[in-house]
Ligand SMILES: NC(=O)c1ccc[n+]([C@@H]2O[C@H](COP(=O)([O-])OP(=O)(O)OC[C@H]3O[C@@H](n4cnc5c(N)ncnc54)[C@H](OP(=O)(O)O)[C@@H]3O)[C@@H](O)[C@H]2O)c1
């Protein structure tokens, strides 16, 4: 009999996550019986929960989401280069009693842009927002030698903090913090616009942060996947931009997590499109 793989998502809240749907399909397709649970951890219980999960070795693979992507860092025995540089992890592998931390959001961003045939090298991008997801996007772009990354955020010091973290790591990329009301002069030379705020997500104000007069043919990337067609993406289409939502990134980061836990995925591209179709129907239902 095949061994069962035990994994879970740690966060607060985790109720709306579709990660269990993703890993159910992956485990069925790859024939590895898997139990994947959402684990809602109250902030006051975070430390004791991590200590328990670690010592009990119940779960081999953990996903980590808001608000713990940074808080988990001190618990690791080993971290990937991306975790070291960004200070955020979304994947944990518990192996031989040791905790390994990874950031596969960056990979999710890169695969999404690759599928969109977006040429990162020498490009100019504008990221709206300066939280954890914005950091993953900025890291991904700079790691692929983008020439300019503009961060526009309502709280200036958060944008500046993000830039202070990345500038020494990627001296060849120019990072600029621009207040939202002053982005006008940067728009025409920008090839990629990324919504890394929750604006437009279910339960948040339906406001588009996409600047006016974006150049036709630029790519608009909304990290939000619920709803699938956000106001940011609708505006992008109206202006003649190419557009992609957050579902692709979500799937790619999950597939990367699976590979860390269980090794190679044969026919990964086919599995990705199967997941995409299936998750669209899940999101429509919920
Ligand atoms: N597709 C995926 O796989 C994936 C993965 C990760 C995240 N995401 C999505 O990415 C988005 C950001 O996530 P995160 O983890 O980066 O969140 P976060 O760390 O909380 O950062 C949120 C950012 O949005 C800004 N913001 C929040 N409310 C705003 C408002 N009302 N007006 C203007 N700006 C506002 C914040 O600005 P301040 O600095 O001023 O507070 C901050 O820069 C979410 O929608 C999340 O669902 C998607």
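Taken together, the values in this text are just the output of simple stated rules run on the coordinates, not laboratory data. Keep in mind that this is a model prediction, so the values were computed, not measured. Positions of Cβ are generated from backbone atoms using ideal geometry, with glycine treated the same way; all protein chains shown enter the neighbour counts.
Relative contact order for the chain: what is it in percent, counting Cα pairs under 8 Å that are at least 6 residues apart?
Across the chain, relative contact order equals 14 percent.
What angle, in degrees between 0 and 90 and rounded to the nearest 10, separates the Cα long axis of helix 132-143 from the longest principal axis of the Cα atoms of the chain?
70
I'm a student and want to see the number: the projected area of the Cα convex hull of segment 31-182, averaged over all directions, in nm².
11.0
By how many nm would the segment from residue 37 to residue 206 lengthen if fully extended, with 0.36 nm per residue of separation less the alpha-carbon distance?
57.7 nm
So what's the angle, to the nearest 10 degrees on a 0 to 90 scale, between helix 156-166 and the longest Cα principal axis of the chain?
Between the helix axis and the principal axis of the chain, the angle is about 70 degrees.
If neighbour count is taken as other Cβ atoms inside 10 Å, put 45, 21, 248 in order from fewest to most.
Fewest-to-most Cβ neighbours within 10 Å comes out as 45, 21, 248.
Between rounded, prolate and oblate, where does segment 1-112 land on the alpha carbon gyration tensor, with a ≥ b ≥ c its root eigenvalues, rounded for a/c under 1.5, else prolate if a/b exceeds b/c?
Rounded, since a/c falls under 1.5.
Suppose only helical runs count, i.e. DSSP H with n ≥ 4. What mean residue ellipticity at 222 nm does that imply for the chain under -39500 (n - 2.57) per run, divided by all residues and rounded to the nearest 500 deg cm²/dmol?
Mean residue ellipticity at 222 nm (helix-derived): -11500 deg cm²/dmol.
Helix 247-262 versus the longest principal axis of the chain: what angle, 0 to 90°, nearest 10, using Cα atoms?
Once rounded, the angle reads 30 degrees.
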